[in-house]
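Heads up: the structure comes next, in structure tokens.
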Amino acid sequence: MISVKRVYEVLKDLANKEQRGFISPSEFNTMAPIAQTAVFNKMWSEVLASESIRLSGRDGQRDLSKTNDVREELSMYLRNATQERQADLKYTYPADFYKMSSAKTYGSVLMGVVTSVPIEIMYDPHRLDYMLRSTLSGPSIGKPVVLVADKLEVHPNSIKKIDIRYYKSPEGMTTSGVATSSQPQYGFSLLLGSEVFDSSSSINFELPEDREEQLVVELAGMIGTSLRDAALINYGRQQA
């Protein structure tokens with residue numbers, strides 16, 4: 001996680017150095033979730049770019065692999081959920097859902113045999129329509145499919161419960177390290193007219209620590225400061 005206190009103080013000092021005015025905690029709290037989402041989306045863009053590098057044979061091996069580096073970062077967002085079929089024969093997403101990783105039918109282990117079956121993930125409704133009309137390659141209990149759309153649509157529809165593995169959207173972490181559905185915010189109280197940091201009401205960013213500089217750059221851009229020079233960020237860190 002990334003400290004909201006540290007990021008706010010860095011940004012405040014950078015704004016002061018660049019004569020961008022005072023950044024209040026309330027202004028910062030408005031920008032913080034937007035900046036976090038922007039960094040998270042860039043992480044996924046890096047996955048696509050690294051996959052292209054890997055396919056071209058230019059990726060490093062094992063510990064030097066850029067693809068592995070980004071995937072490892074994103075693994076902190078992986079979650080599991082069991083979803084039940086709704087009245088409309090479809091399945092809703094978990095509240096923090098971002099992207100599907102895998103799916104399988106709900107099952108158990110009986111005498112060492114796993115009863116669940118992997119579900120093929122589809123994003124093209126036209127392809128699903130073609131499969132449903134086919135008498136040879138249509139979905140079956142042994143080879144089910146799920147269409148990822150506004151809701152999850154599983155075929156055959158005799159399946160009533162599924163297990164999914166998915167990537168969640170970034171939310172927040174309390175200053176004691178507990179995950180929360182709250183978004184990042186700099187908590188404060190007023191003492192003699194001054195805003196004093198309050199750890200009990202603060203929520204840290206749910207991002208890998210090595211994304212701190214990228215996060216500061218996003219926030220700086222939102223207040224009109226272009227951080228082309230890493231020395232500016234280093235200045236802010238020294239002041240924080």
Which numbered condition Ser169 misses (of (1) of a type in the set (Gly, Ala, Ser); (2) in contact with a Pro (Cβ under 9 Å, 6 or more places away or on another chain); (3) closer than 30 Å to Ala35 by Cβ): (2)
Members of region 82-129 found to be without any contact (Cβ under 8 Å) to a residue 24 or more places away in the chain, assigned to a strand (DSSP E or B) and among the hydrophobic types (A, V, I, L, M, F, W, C), listed by number: Val109, Leu110, Val113, Val114
Failed condition for Val178, given (1) surrounded by 13 or more Cβ atoms within 10 Å (Cβ to Cβ); (2) modelled with pLDDT of 95 or more: (1)
Verdict on Leu207 being among the aliphatic types (A, V, I, L, M), assigned to a loop (DSSP other than H, G, I, E, B) and at pLDDT 95 or above: yes
Subset of region 135-175 (residues that are among the β-branched types (Val, Ile, Thr) and either closer than 16 Å to Tyr98 by Cβ or surrounded by 13 or more Cβ atoms within 10 Å (Cβ to Cβ) (or both)): Val145, Val146, Val148, Val154, Ile159, Ile162, Ile164, Thr174, Thr175
Options Asp150, Asp163: the member that is closer than 30 Å to Pro33 by Cβ, among the acidic types (Asp, Glu) and part of a strand (DSSP E or B): Asp163
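The values are calculated or read from the model by the stated rules, or taken from the named source; none is laboratory data. Quick caveat, the model's predicted, so the values are computed rather than measured. Cβ sites come from the backbone with ideal geometry, for glycine too, and all protein chains shown count toward neighbours.
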